[in-house]
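For reference, the structure is listed below as structure tokens.
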Amino acid sequence: MIRFEHVSKRYPGGINALTDINFELVQGEMAFLTGHSGAGKSTLLRLILMLEQATRGQVLVEGRNLSRLSMRTAPRIRQRIGMIFQDHKLLRDKTVFDNVALPLMIAGLRYADIRKRVRAALDKVGLLQRERAWPLALSGGEQQRVGIARAIVGMPPVLLADEPTGNLDPELSASLFQLFRELNSLGVTVLIASHDLALIRRMGQRVLVLSGGSLIDDIPALEGGGAA
Ligand code: ADP
Ligand code: ADP
């Protein structure tokens, strides 16, 4: 599903953000990506989203070698990937419903289909009763869940998250990670960048550890804590 083969990324100016990264995430797997600030987590996610290109090596997503694709195909690759940001990027002049509907409107779906899918996505994150609310009327945790609903509304096979719990308290963070696990149990491949090591350990999932741009550890999921 996602495979890195000897991937290095050097930014203009000489910073080696990633060095010889190798790992594979198979379909339906869930993993955390951790490491200190500057370890290369965001860069790794940006390579998967084709927001950056590898300097060396190959990134494969669903069997497609991204380095062989032109940047023009990036939007098509991104349609297959749901992305969740720390600052969820909700439009404050649109209701919860309209925020979640946005990717489907862009894709040109019929309103009846949009309505059905948006409500299903909001139901999954427990916010169906808030569909008419404005983002600023919601708590931080609720806003983050709207961002997740928007990321999953197109039913992408892959879900990426960059520090999704950054501004949330430990309890909300734990419930958000639980939500990712539920989505994973529905078959979605999930990769979550987070430096919240204590919380990650409790999840019992596979953990990829980055340090200074190198993958220094790949801890397998605990028995019974794994995917599905
Ligand atoms: P993390 O997400 O783990 O904090 P990043 O991937 O953001 O790590 O950064 C890895 C390294 O690459 C850092 O040294 C950072 O300063 C550098 N870096 C990130 N983005 C850029 C960029 N656009 N240009 C130059 N250097 C960058
Ligand atoms: P985080 O640590 O949360 O990943 P950063 O503060 O490292 O975020 O990066 C924020 C933005 O700045 C990103 O778009 C990243 O690519 C860019 N960036 C980070 N480090 C550098 C750098 N040294 N030079 C240029 N851009 C950078």
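The values are calculated or read from the model by the stated rules, or taken from the named source; none is laboratory data. Just so it is clear, the structure is predicted and the values come from calculations on it, not from any experiment. Backbone-built Cβ (ideal geometry, glycine too); neighbour counts: all protein chains shown. Heads up: the accessible areas ignore ligands, DNA and RNA and are worked out on the full protein's heavy atoms, side chains in. Shrake-Rupley method; radii C 1.70, N 1.55, O 1.52, S 1.80 Å.
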- prompt: Which condition breaks for residue 50 when tested against (1) within 15 Å of ligand 1 (Cβ to nearest atom); (2) out of contact with any helix residue (DSSP H, G or I) (no Cβ under 8 Å at 6 or more places or on another chain)?
  reply: (2)
- prompt: residue 108 fails exactly one of the following numbered conditions: (1) within 20 Å of residue 183 (Cα to Cα); (2) out of contact with any Pro (no Cβ under 7 Å at 6 or more places or on another chain). What is the number of that condition?
  reply: (1)
task: Test residue 79 against the stated conditions and say whether it is out of contact with any helix residue (DSSP H, G or I) (no Cβ under 7 Å at 6 or more places or on another chain) and open to solvent by 70 Å² or more (accessible area, probe 1.4 Å).
output: yes
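Which residues, taken from the range 143-170, are buried (at least 18 other Cβ atoms within 10 Å of the Cβ), among the charged types (D, E, K, R) and more than 16 Å from ligand 2 (Cβ to nearest atom)? Write out each step before concluding.
So in the range 143-170, the residues buried (at least 18 other Cβ atoms within 10 Å of the Cβ) come out as 143-153, 156, 158-165, 168.
Pick out the ones that are also among the charged types (D, E, K, R) and you get 145, 150, 162-163.
Those that are buried (at least 18 other Cβ atoms within 10 Å of the Cβ), among the charged types (D, E, K, R) and more than 16 Å from ligand 2 (Cβ to nearest atom): 145, 150.
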Residue list for the range 1-38, filter: more than 13 Å from ligand 2 (Cβ to nearest atom) and not in a strand (DSSP E or B): 1, 26, 27, 28, 29
task: Sort out which residues of the range 7-31 are under 16 Å from residue 208 (Cα atoms), within 12 Å of ligand 1 (Cβ to nearest atom) and open to solvent by 60 Å² or more (accessible area, probe 1.4 Å), and write them in order of number.
output: 19
- line: When the range 39-55 is checked residue by residue, the ones that are within 12 Å of ligand 2 (Cβ to nearest atom), at pLDDT 95 or above and open to solvent by 70 Å² or more (accessible area, probe 1.4 Å) are 46
